[in-house]
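This report refers to the structure that appears directly beneath it.
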Amino acid sequence: MNAQTPRHIAIIGSGPAGCFTAQALRRHWKDAEITIFDRLAAPYGLIRYGVAADHQHTKAVTRQFDRNFSSGDFRFAGNVEVGTDIDLASIRAEFDIVVLATGRWRDRTLTVPGAHLDGVLVSGDIVNALNTVPRPNIPMPAIGQKVVVVGAGNVALDMVRFLIKTAADYADSDVSPEALDSYLDSPATHVTVLSRSPIASAKADVAMIRELGKIPGVRITVANSSPATEDNTLGRKREAAFADLTSHEVEDARAHVHFVFGATPSRIGGTQHVETVHLSAAPAGEASVIPANTVISAIGFDVNAPGHWHYAEEYDFAPSDDLGRVGPGLYRSGWLKRGPVGAIPANRSDAHQVAKEIIADFESTDVDSADSPLKSAGGYEALPQTLRDQAVSFADWGRIDAAELANADESRIRRKFHDHEDMLAAAHPQNA
Ligand SMILES: Cc1cc2nc3c(=O)[nH]c(=O)nc-3n(C[C@H](O)[C@H](O)[C@H](O)COP(=O)(O)OP(=O)(O)OC[C@H]3O[C@@H](n4cnc5c(N)ncnc54)[C@H](O)[C@@H]3O)c2cc1C
């Protein structure tokens, strides 16, 4: 090991940002020991707990990280929440480099009058239930037959797919059976999607729009589509994708999805529970009051929501596309750095940038200077024994994984644990 090689690197957060950063650092520093901490007992962040259950192909990226963990490229230390189980300063004292990759994800909520009524939901409540987020586990909220979805980005379309899919559409997925069954007992029949933007600038990817057309038995209509300009190629593709959705004749549809562009809710009506959604300006030919049992908002994420960064209140985590350096030997990557926008591949390029920056910083630091982080690091083995005992290693996670695979219902690939404590019992059978 030469003098410019860090001995111990800690990455906080095992989502794509943490794992891609670890990969890039490992490629450069073959001898450094890399530990990835996560507050959860399972690795991979929103790949496991955010990406929709019917998009298993998207989750396949975890296989490359599995190989990294199994081959010892990096160590997994799950069930360790920085800020609760150990403070950041203690981690920094033992590791030469610390990368914060804790993500950030809290839905932005509607602020119109009536937004407090029962039946007004954020997409995250549904995503959490379908993905069996364990800490805490929240059951699927009740959803009626008439649903208004506010927003038309990719998460909104995840919601629409969920509302109109049948049980059979979840074959070979890891959806929560309880959450799905509870919804499918009385699924939505009328779904209105309100998009503030016109089609051409709506946020959804074209592939996500086209996917809706593959779900049989559903009639899709679109109101207020204004033509995109000639030079807006992406906008025109979106329009063509929506036009294609509406071109299918569907006899005896079990559900109807109606997209209204250029429409925002001004008020939600009801006494205790949602009864209506009122539009601020209804496009020509559209009703200005929509009957509804449920309103699901998918209008992006709140960048100011503190989430799990209580561990480092002294730092400024305002979103930035700039450098990842937060302090000497301390960096950030992924959604914690750029804010909650962008898909998994965006975290790969960001992670590579941050890794380059770390390597350049580290290799230009004089190891004899007072700033050099090389002096104090004892690494993972120097952390308190009790903390290391509570940590879920990658081998321990293998036991959780095996139990989830074994518990899967027929035609499902896994049945996730609901409860964090049950996951720990599976991970550490010797303590049970
Ligand atoms: C509902 C939803 C659906 C999505 N669908 C797709 C999709 O289909 N395709 C796609 O490409 N992208 C999708 N994305 C985007 C993608 O999930 C993100 O780009 C990506 O997960 C961000 O990566 P990250 O590593 O920065 O954060 P995260 O994935 O959130 O990972 C952060 C990790 O840090 C851990 N952590 C947090 N605080 C602490 C702490 N104090 N101590 C220890 N650990 C901590 C968390 O447990 C988590 O594991 C979706 C996002 C959402 C919200």
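Rule-based calculations on the coordinates, nothing more; no lab input. On a predicted model such as this, the values are computed, not experimentally measured, just so you know. Every residue, glycine among them, receives a Cβ derived from its backbone with ideal geometry; neighbour counts consider all protein chains shown.
Beta bridges assigned by DSSP with both partners in segment 228-360 are antiparallel in approximately 100 percent of cases. Annotation for Asp389 and Ala243: the two label points, set 7 Å from Cα along the Cα-Cβ direction, are 6.8 nm apart. Backbone phi angles across segment 209-220, fed through the Karplus curve with coefficients 6.51, -1.76 and 1.60 (θ = phi - 60°), yield HN-Hα couplings of 5, 4, 4, 4, x, 8, 8, x, x, 10, 8, 10 Hz in residue order; Gly and Pro are listed as x. Under a model in which nothing but the beta-carbon of Lys, Arg (+1) and Asp, Glu (-1) is charged, segment 210-283 shows a dipole of about 180 debye around its Cα centre. Would you work out which of Gly217, Val112, Thr5 lies farthest towards the positive end of the dipole of the chain? Charges go on Cβ: Lys and Arg +1, Asp and Glu -1. Farthest towards the positive pole: Gly217. Counted over the chain, the DSSP beta bridges are approximately 20% antiparallel.
With the highest mean first, a sort of the peptides 98-109, 197-208, 82-93, 253-264 on other beta-carbon atoms found within 10 angstrom per residue produces 98-109, 253-264, 197-208, 82-93.
Our estimate of slack between Ala425 and Arg27, defined as 0.36 nm per intervening residue step minus the Cα-Cα distance, is 139.8 nm.
Simple point charges give the picture: +1 on the Cβ of Lys and Arg, -1 on the Cβ of Asp and Glu, and for segment 1-148 a dipole about the Cα centre of about 360 debye.
Across the chain, C-alpha contacts under 8 Å between residues 6 or more apart give a mean separation that, scaled by the residue count, equals a relative contact order of 24 percent.
Taking θ as phi - 60° and the Karplus parameters 6.51, -1.76 and 1.60, the scalar couplings of segment 125-132 work out to 4, 6, 4, 4, 5, 5, 8, 6 Hz in sequence order, x denoting glycine and proline. Charge dipole (Cα centre; +1 on Lys/Arg Cβ, -1 on Asp/Glu Cβ; no other charges) of segment 62-172 amounts to roughly 340 debye.
When exposed loop sites are taken as GluC sites (Glu not before Pro) in a DSSP loop with at most 15 other Cβ atoms within 10 Å, the longest stretch of the chain clear of them is 1-229.
Checking the a/c ratio against 1.5 first, then a/b against b/c, what shape does the Cα gyration tensor give for the chain? Judged from the Cα gyration tensor, the chain comes out prolate (a/c at least 1.5, a/b above b/c). Taking a 31 Å limit on the Cα-Cα distance, which of the listed pairs Lys237/Lys356; Lys165/Lys203; Lys30/Lys59; Lys203/Lys337; Lys165/Lys237 fall beyond it? Going by Cα-Cα distance, Lys237/Lys356 fall outside the 31 Å limit.
Distant-in-sequence amide contacts of Ala255, defined by a placed amide H-H separation under 5 Å and a gap of 5 or more residues or a different chain, comprise Arg219.
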